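Novice: The structure follows.
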Amino acid sequence: MLEAIGLGHQDEEVYNALVRRTQATVAEITQDCHLPATAARRTLQSLVELGLATRSTGRPTRYVAVSPDSSLEAILRERERELDGVRTHVRALMDVYRAGTRFAHPGELIEVVSGRDEVNHRWAQMQQDTRAQMRGFDRPPYAAPQEHTESNPIELHLLRQGVKYRVIYDTSVLDLPGWLEDVTAGVQHGEQARIHANLPMKLAISDDRLAMLPLLRADDSVVTASYLIHPSPLLDALVALFEALWERSVPVRMTAPGRELSEDEERLLTLLAAGATDKAASRALGWSERTVQRHLTKLMRRLGAQTRFQVAMEATRRGWI
């Protein structure tokens, strides 16, 4: 069981015996494990060096087991750090490899990932490897059930580490329950969010080194396959497409101190400016359509507007959205 963290079969057998006794002499371990005294002593010394046991100064020498939850956890953390170092080295080697094969082997520039679990795994890995910013188009369907309503712990961790998240949401997500609360929580933690009508695809871009482009058919309800796009003219084009649509999208903003709008009014204006219907806005806000219309009428009077378009234009002019 403990071979995964570097302990051999004999090491584990001696450690288990020591844990059962909590402390033992070489003779006791020799008897319990049916080992020669020299092998028992050598193995116990190895456990001491690994931090799994301590050695007394009395006579006869007794070896004391260190609490497994702390000692084994320390070894696990060290192994994880070593594995992270290997992964970093592999990524660096792959960057060198792809730089040398960028034009010689075009097939290396695009991978196809199949299976929902594998897509979710590569998506999580892609985020964890991001160092500067994640950019993306967000629209249904999703690889994980109710993905749109669940907080993304990886995103929250990376935001705290200073990684920038910029996400453009398709207006179709306005019909999904809990979407507005989820995005608002992300914005509160530092995500920059915008809304755009009719996004052409789902897309995620990690720094300028990797993009994930889900493969979807018209009848697909979940994502089960994706392209991974490595550095290439195609990746450059996807980055340029994101930046162009970002400039044309409606920001999702939190109400700032001193604003003339309530939080509900600001959310409603953002939704309407993004092209949401009264029905979609009511779902997103948890209101009835009549409540949406009542708030809209109040805003029209307040801004001296006659149409929804004029409301959006005047709100934009005043810097409300």
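Novice: From the list 148, 157, pick out the single residue that is within 24 Å of residue 190 (Cα to Cα), modelled with pLDDT of 70 or more, within 18 Å of the chain's Cα centre (by Cα) and not small (Gly, Ala, Ser).
Specialist: Of the residues listed, the single one that is within 24 Å of residue 190 (Cα to Cα), modelled with pLDDT of 70 or more, within 18 Å of the chain's Cα centre (by Cα) and not small (Gly, Ala, Ser) is 157.
Novice: If you go through region 42-53 one residue at a time, how many are assigned to a helix (DSSP H, G or I), crowded, with 17+ Cβ neighbours inside 10 Å and modelled with pLDDT of 85 or more?
Specialist: 4
Novice: Among (1) surrounded by fewer than 18 Cβ atoms within 10 Å (Cβ to Cβ); (2) at pLDDT 90 or above; (3) within 16 Å of the chain's Cα centre (by Cα), where does residue 189 come up short?
Specialist: Going through (1) surrounded by fewer than 18 Cβ atoms within 10 Å (Cβ to Cβ); (2) at pLDDT 90 or above; (3) within 16 Å of the chain's Cα centre (by Cα) one by one, residue 189 breaks only (2).
Novice: Consider residue 102 against the criteria (1) surrounded by 13 or more Cβ atoms within 10 Å (Cβ to Cβ); (2) closer than 16 Å to residue 210 by Cβ; (3) at pLDDT 85 or above: it satisfies all of them except one. Which criterion is unmet?
Specialist: So residue 102 meets the others, but not (3).
Novice: While we're here: Hey, residue 120 hits all of (1) within 30 Å of residue 212 (Cβ to Cβ); (2) within 25 Å of the chain's Cα centre (by Cα); (3) at pLDDT below 85 but one; which does it fall short on?
Specialist: (3)
Novice: Now, a different point. Could you list, in sequence order, the residues of region 56-92 that are loosely packed, with under 13 Cβ neighbours inside 10 Å and at pLDDT 85 or above?
Specialist: Within region 56-92, 60, 61 qualify.
Novice: If the Cβ limit is 6 Å and pairs must be 6+ apart or interchain, which residue in region 69-88 that is more than 18 Å from residue 125 (Cβ to Cβ) pairs with which residue that is surrounded by 10 or more Cβ atoms within 10 Å (Cβ to Cβ) and among the acidic types (Asp, Glu)?
Specialist: none
Novice: Which one of 247, 243, 263 is at pLDDT below 85 and either surrounded by fewer than 20 Cβ atoms within 10 Å (Cβ to Cβ) or at positive phi (or both)?
Specialist: The match here is 263.
The values are calculated or read from the model by the stated rules, or taken from the named source; none is laboratory data. Note that the structure is a prediction, hence the values are computed from the model and not measured. Because the Cβ atoms are built from the backbone with ideal geometry, glycine has one as well, and the counts that use them run over all protein chains shown.
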